[in-house]
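*Asks:* Okay, handing you the structure first.
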Amino acid sequence: MADTGHTTAADWAGPAHGLLSGRSVLVTAAAGTGIGFSTARRAAEEGARVAISDRHERRLAASADELERLTGNRPLAVPCDVTDQAQLDHLMDTVAATLGGIDVLVNNAGLGGTAAVQDMTDDQWDSVLSVTLTSTFKATRSVLRHMIPAGKGVIVNNASVIGWRAQKGQAHYAAAKAGVMALTRCSALDVAEHGIRVNAVSPSIAMHAHLAKVTSDELLAQLSAQEAFGRAATPWEIANVIVFLASDYSSYMTGEVVSVSSQHP
């Protein structure tokens, strides 16, 4: 990948190196065009058996079709609302039974929104925390039922630089992402004795179609201007770091939050 700041979506990948050869990888919230889909694609290209989930069944099926077209292998696609523990347990059991275990879980689900704290409703707060933080905890607890007996596994959580920095109108999202960071650090210590690693990525802004649809051009331009390269990341650039954390190249890393930006405090 070029280091000039001019990398485009077309040249994101580079050659595969078999980093996840023979591994089973589950990515949540993988439907669409964002980080989850890109991570599933990159994992498949690195040799993994891939499972994807999302609560939007139509988009999930379309994403499975696209991944099959791009990689030559169809992922296991299991609909799941990550806020529902029973659905999460069903997801983990199905993936483990079908793929022969779960070597890697990528907790990618998250929900944003904008509201000043003085105007924020309980529903706005609860929904963002439920999808972004609580689901990460529930999915982690669920997958550990499979990883602990196996004595191995890797969990990669999707955090955000907003967990470190303040941004107007983002109290709920920032609190949730800061919580994901803390959950990552603490759970890593809880499961280290079982041979399981837990890390997180912390992107700033990764441009994809859905983000462009729900965010104003002015805000996107402002956030991009804050970046060292003066542009947003592509989802592929985040996915490559997730794959690194999922691979044996990061075998001594656990409890870390890796900033994929220039905005670590």
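*Asks:* Give me the pairs, please: first residue somewhere in segment 239-265 and modelled with pLDDT under 95, second residue anywhere and among the acidic types (Asp, Glu), beta-carbon distance under 7 Å, and either six or more positions apart or on two chains.
*Replies:* From segment 239-265, the pairs are Val260/Glu237; Ser261/Glu227; Ser262/Glu227.
*Asks:* Can you tell me how many residues within segment 134-161 are over 22 Å from Glu237 (Cβ atoms) and in a strand (DSSP E or B)?
*Replies:* Within segment 134-161, residues that are over 22 Å from Glu237 (Cβ atoms) and in a strand (DSSP E or B) number 1.
*Asks:* Of all residues being in contact with a helix residue (DSSP H, G or I) (Cβ under 8 Å, 6 or more places away or on another chain) and at pLDDT below 70 in segment 195-225, which is most open to solvent (accessible area, probe 1.4 Å)? Just the residue, please.
*Replies:* At the first step, the residues of segment 195-225 found to be in contact with a helix residue (DSSP H, G or I) (Cβ under 8 Å, 6 or more places away or on another chain) are 196-208, 211-212, 220.
Still in the running and at pLDDT below 70: 207-208, 211-212, 220.
Values: Met207: 67, His208: 45, Leu211: 40, Ala212: 47, Leu220: 16 Å².
Among them, the one singled out is Met207.
*Asks:* Among the residues of segment 142-154, are any surrounded by 14 or more Cβ atoms within 10 Å (Cβ to Cβ), touching a Ser or Thr at 6+ places or on another chain (Cβ under 9 Å) and modelled with pLDDT of 95 or more? I'd like the intermediate steps shown before the answer.
*Replies:* Restricting attention to segment 142-154, the residues satisfying the condition of being surrounded by 14 or more Cβ atoms within 10 Å (Cβ to Cβ) are 142-144, 146-148, 150, 153-154.
Filter again for touching a Ser or Thr at 6+ places or on another chain (Cβ under 9 Å), leaving 144, 154.
Add one more test, that the residue is modelled with pLDDT of 95 or more, and what stays is 144, 154.
Within segment 142-154, one or more residues are surrounded by 14 or more Cβ atoms within 10 Å (Cβ to Cβ), touching a Ser or Thr at 6+ places or on another chain (Cβ under 9 Å) and modelled with pLDDT of 95 or more.
*Asks:* Here is a follow-up. Out of all the residues in segment 161-190, which are open to solvent by less than 10 Å² (accessible area, probe 1.4 Å) and at pLDDT 95 or above?
*Replies:* Selection gives His172, Ala176, Lys177, Val180, Met181, Thr184, Ala188.
*Asks:* Identify, please: which residue in segment 29-59 is farther than 14 Å from Gly72 by Cβ and surrounded by fewer than 22 Cβ atoms within 10 Å (Cβ to Cβ) and is, among those, farthest from the chain's Cα centre (by Cα)?
*Replies:* Result: Arg58.
Matching residues to (1) free of Cβ contacts under 8 Å to residues at least 24 places away in the same chain; (2) open to solvent by less than 30 Å² (accessible area, probe 1.4 Å):
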site: Cys80; (1), (2): no, yes
site: Gln87; (1), (2): yes, no
site: Met92; (1), (2): no, yes
site: Leu105; (1), (2): no, yes
site: Gly112; (1), (2): no, no
site: Ala116; (1), (2): no, no
site: Val128; (1), (2): no, yes
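The values are calculated or read from the model by the stated rules, or taken from the named source; none is laboratory data. All values derive from a computational prediction rather than experimental measurement. With ideal geometry, Cβ positions are generated from the backbone for all residues, glycine too; neighbour counts draw on all protein chains shown. The accessibility values were calculated without ligands, DNA or RNA, using every heavy atom of the protein model including side chains. Shrake-Rupley method; radii C 1.70, N 1.55, O 1.52, S 1.80 Å.
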